[in-house]
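A.B. asks: Below: one structure in structure tokens.
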Amino acid sequence: MRSRMRAWAIVTLMLAMISCASPSRAEDGYELWLRYHPLPPAQVTLYNHQATELIAGAATSTQDVTRSELQRGLSGLLGHTVSLSDHITHDGAIVVGTPGSSALIGSLHLNTQNLGSDGYLIRSVMVNGHAATAIVAQTDVGALYGAFHFLRLLQTAQPIEHLDLRETPRLKLRVLDHWDYLNGQVERGYAGASIWDWWKLPDWRAPRYTDYARANASIGINGTVLNNVNAGAIILTPAYLQKVAALADVFRPYGIRVYLSIRFSAPIEIGGLKTADPLDPQVQAWWHAKADEIYKLIPDFGGFLVKANSEGQPGPEDYHRTHADGANMLADALAPHGGVVMWRAFVYSQKNPEDRAKQAYDEFKPLDGRFHANVLVQVKNGPIDFQPREPFHPLFGAMPKTPLMMEFEITKEYLGFATHLVYLGPLFEEVLSADTMARGNGSTVAKVIDGSLEGHPLTGMAGDANIGTDRNWCGSDFNQANWYVFGRLAWNPMQSSRSIAEDWVRMTFTNDQAFVKPVVDMMMGSREATVDYMTPLGLVHLMGPGHHYGPAPWDASESEADWRPVYYHRADHQGIGFDRTSTGSDAVAQYAPALAAQFNDVKQTPEQYLLYFHHVPWDYRMRSGQTLWHELVAHYTQGVEDVKQMQETWQHLDGHIDAERYRQVAAFLAVQEKEAQWWRDACIAYFQSISGLPLPPGYAPPQRSLTYYESLKFQYVPGFSSW
């Protein structure tokens, strides 16, 4: 054992030396984390003895893509072709498949019970006296997931000689929600236009669709919603369903089902009915017929995503029906085919002007237990709207009879768009590990959504995609990490976002530890830096209205009160923050009693949520001993300093990776520093004008006047449709 450890230590040292000495090849980010570039010779030497031949079937389309992926990965990483065989002839064979598809795998008598449809084993075995690696599952898709995991071990320079891995996903549905319109626009998209070329479908199936499917399968994503939740009914017409079917054909071998966002009023708009009332028999019949039509074209269609009675979208409340009435009507149409309804709980309107944060709970909590078995209520991670930081949504833990599906935003609508380096893993992990206290200590959000807390078999996580036609897919290389970490956490929400970041850095850039450690450290601190220079101490929604680009804490121009930044911070001469205590909006009461008591007490409330729950005097003494005003200025300033430190870290890494990607990251960090300074100065200038307080000693004043910051206007902001 010690000799093996010494051998790997020597290899690691040699890898670092070789990485620093080797010229970097030009790259454009298209390969994502599936870069199968040749490993250094020392590592190849070790792996060559454990990857001598490949035994993998190709009787089905999924088996074929599994074998092709392993051939592609092994040949790329090892620098030579690993031969195909139908039986083991040497030590080091890699055997992939299921007991049902391979007599050789069946003869191993490995325990595949409880792996389900997506789980797999990776086991070092002996076959007729030969050492081999078996990648085994109960289904072809499970074997594909196992193959990607095995390749990840090689990509990240892990030992593979004594493997005993068993993986099963904790969540059944692991879905990307695309906010793409049929005209090619992507709402809140910062990486170019939609990757779906609806005009050329179904006849032209671009190779990019296959690469998209490969990338998703490599991190366990098994579903994709193709269109925006602000859906038009046309997606359900026969011509477009043929296009959807073409994409489903591309994705099917990779275990990915397609879903559609549907417009609740479709029976009126394309069905010729006079109503969309979910209790109307004609409406119910129309949806049943539409489901039959879809499944005839796409037998493995996943189901519907629905945004209803929110932001002007039609829904069952238009007919004095409940969300459960609407969801169940659709669920009944899909149930004979095995489809599901993902019904979004993001609802707000002026019916509850007191506190927008309360509305989803108020509407959905009374409906607990009234949804049919194939309905998931899809809940955003927080009660406001994907803010840099907000507490977990109070619905998690409050609907024990209803499966809740997490919705995270991968696209950085409120976190600097494409150019700010913000790794969202810590945000996702913070929410998933939050304790709802619904059944006492340890009732985490992760246990709510994976079904273990209440025994729900239907579970899921959705991520609002950040993918577009940019060559690097996501607008920047580091935005790829947010797609990656979403998939890994959707597979297992208990994982560490730091370990996932390390895998991503190694696969995307290099295994050189001199690069990996500082970059992972930078990523792990990036979200906190962004909170500091945008919305520290529990502030939310200070962004420019509509497009959400840049600071505008002064803005009160929107027609709806809860679209205005001033609605959320409520700063006045006495203090700042939204009073959600029992003497205010009483939003604290939506949490479990122990948490409600904590959040209700200004002294017990975690300071990271202080101004979310409390209106606090400017001279309130924080735990640091400083006043709230001093602490607020300190956080805004620290955020800028942290971005400067990220720049300095990156400057020391020149030469470790290819020049093209290095230069773009450096350029984007410069943009981020400039905009972090803008955020800091604009917010301090505004809040100082409200508080009337001098800056704390040692802090620089804003570079420009408040009048200047208020005068800034922006047109043609990416991802925003009201142009």
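A.B. asks: Under the definition of Cα pairs under 8 Å and six or more residues apart, what whole-number percent is the relative contact order of the range 581-723?
C.D. replies: Over the range 581-723, the number comes to 15 percent.
A.B. asks: Restricting the calculation to Cα positions, tell me the Rg (one decimal) and the Dmax (whole number) of the range 353-474 in Å.
C.D. replies: According to the Cα coordinates of the range 353-474, Rg and Dmax are 15.4, 48 Å.
A.B. asks: Can you give the FRET efficiency to the nearest 0.05 for Arg72 and Ala514, using r as the Cβ-Cβ distance and R₀ = 30 Å?
C.D. replies: My answer for the efficiency is 0.55.
A.B. asks: Let me ask something else. Full-extension gain between Glu269 and Thr210, please, as 0.36 nm times their residue separation minus the C-alpha to C-alpha distance.
C.D. replies: Additional length available on full extension: 17.9 nm.
A.B. asks: Going 7 Å from the Cα of His37 toward and past its Cβ, which residues in the range 453-480 have a backbone nitrogen under 20 Å from where you end up?
C.D. replies: Hits in the range 453-480 for His37 at 20 Å: 471-480.
A.B. asks: Something else about it: Measuring with a 1.4 Å probe in the full set of protein chains, what accessible area per residue, in whole Å², belongs to the range 439-527?
C.D. replies: Per residue, the range 439-527 has 26 Å² of solvent-accessible surface.
A.B. asks: Rounded, prolate or oblate, given the Cα gyration tensor of the range 79-234, with a/c below 1.5 counting as rounded?
C.D. replies: Prolate, since a/c reaches 1.5 and a/b exceeds b/c.
A.B. asks: Okay, moving on. With +1 assigned to the C-beta of every Lys and Arg and -1 to the C-beta of every Asp and Glu, and no other charges, what is the dipole magnitude of the chain about the Cα centre in debye, to the nearest 20?
C.D. replies: Using Cβ point charges on Lys, Arg, Asp and Glu, the chain gives about 1020 debye.
A.B. asks: Could you estimate the translational diffusion coefficient of the range 584-723 from the Stokes-Einstein equation, with Rh from the Kirkwood formula over C-alpha pairs, at 37 °C and 0.692 mPa s, in whole µm²/s?
C.D. replies: Result for D is 179 µm²/s.
A.B. asks: Using heavy-atom solvent-accessible surface (probe 1.4 Å) with all chains present, what is the largest-first order of Leu34, Leu695?
C.D. replies: Result of the area sort, largest leading: Leu695, Leu34.
A.B. asks: Okay, moving on. Report, in order of residue number, the helices in the chain meeting two criteria: a C-alpha extent of 18 Å or more along the helix axis, and a mean Kyte-Doolittle hydropathy of at least -0.5; treat each whole DSSP H run as one helix.
C.D. replies: 2-21, 61-78, 140-155, 238-251, 513-534, 659-691
A.B. asks: Over all directions, how big on average is the projection of the convex hull of the alpha-carbon atoms in the chain, in square nanometres?
C.D. replies: 31.8
A.B. asks: Mind ranking Glu31, Glu187 by accessible surface for me, highest first, 1.4 Å probe?
C.D. replies: Glu31, Glu187
A.B. asks: Also, I was wondering about something else. Taking 0.36 nm per residue of sequence separation and subtracting the Cα-Cα distance, how much length would be gained by fully extending the chain between Ala373 and Ser433, in nm to one decimal?
C.D. replies: In short, 19.0 nm is gained.
A.B. asks: If I model a spin label at Asp318 and His149 as a point 7 Å from the Cα along the Cα→Cβ vector, what separation in nanometres do I get?
C.D. replies: Spacing of the two 7 Å Cα→Cβ label points: 4.6 nm.
A.B. asks: Now, a different point. How large is the accessible surface of Ser624 in square angstrom, using a 1.4 angstrom probe and rounding to the nearest 10?
C.D. replies: That residue has around 70 Å² of solvent-accessible surface.
A.B. asks: While we're on this one: Sequence gap at least 6, Cα distance under 8 Å: using those rules, report the relative contact order of the range 443-582 to the nearest whole percent.
C.D. replies: Averaging sequence separation for qualifying contacts and normalising by length gives 10 percent for the range 443-582.
A.B. asks: Something else about it: Which FRET efficiency value, to the nearest 0.05, do you get for Asp300 and Asn128 by plugging their Cβ-Cβ distance into 1/(1 + (r/R0)^6) with R0 = 56 Å?
C.D. replies: FRET efficiency, Asp300 to Asn128: 0.90.
A.B. asks: What is the distance in Å between the Cα centres of the range 28-76 and the range 630-677?
C.D. replies: Measuring centre to centre over Cα atoms gives 35 Å.
A.B. asks: Another one. For the ranges 251-258, 83-90, what's the packing order if you count other beta-carbon atoms within 10 Å of each residue, average per peptide, and put the highest first?
C.D. replies: Top to bottom by mean Cβ count within 10 Å: 251-258, 83-90.
A.B. asks: Under a point spin-label approximation (7 Å from Cα along Cα-to-Cβ), what is the Lys365-Lys401 distance to one decimal in nm?
C.D. replies: Between Lys365 and Lys401, the simple spin-label model gives 1.6 nm.
A.B. asks: A follow-up question, please. When you count, for each residue, the other Cβ atoms within 10 Å and take the mean per peptide, how do 361-369, 241-249 rank with the highest first?
C.D. replies: So the order, starting with the most tightly packed, is 241-249, 361-369.
A.B. asks: Same structure, new question: Expressed as a whole percentage, what fraction of the accessible surface of the chain belongs to carbon and sulfur atoms when a 1.4 Å probe is rolled over the protein heavy atoms?
C.D. replies: 52
A.B. asks: Distance in nm between label sites at Trp199 and Ala659, each 7 Å beyond Cα in the beta-carbon direction?
C.D. replies: 3.7
A.B. asks: A further question on this structure: Mind checking the full-extension length gain between Leu693 and Gln715? Use 0.36 nm per residue of separation minus the Cα-Cα distance, one decimal, nm.
C.D. replies: Contour length minus the Cα-Cα distance gives 4.5 nm.
A.B. asks: Okay, next question. Would you mind working out the accessible area per residue for the range 80-136, using a 1.4 Å probe, and quoting it in Å²?
C.D. replies: On a per-residue basis, 47 Å².
The values are calculated or read from the model by the stated rules, or taken from the named source; none is laboratory data. Here the structure is a predicted model, which is why all the values come from computation and not from measurement. So basically every Cβ, Gly included, is an ideal-geometry build from the backbone, and we count neighbours across all protein chains shown. For the accessible areas, the whole protein counts, side chains as well, though only heavy atoms, and no ligand, DNA or RNA atoms are used. Shrake-Rupley method; radii C 1.70, N 1.55, O 1.52, S 1.80 Å.
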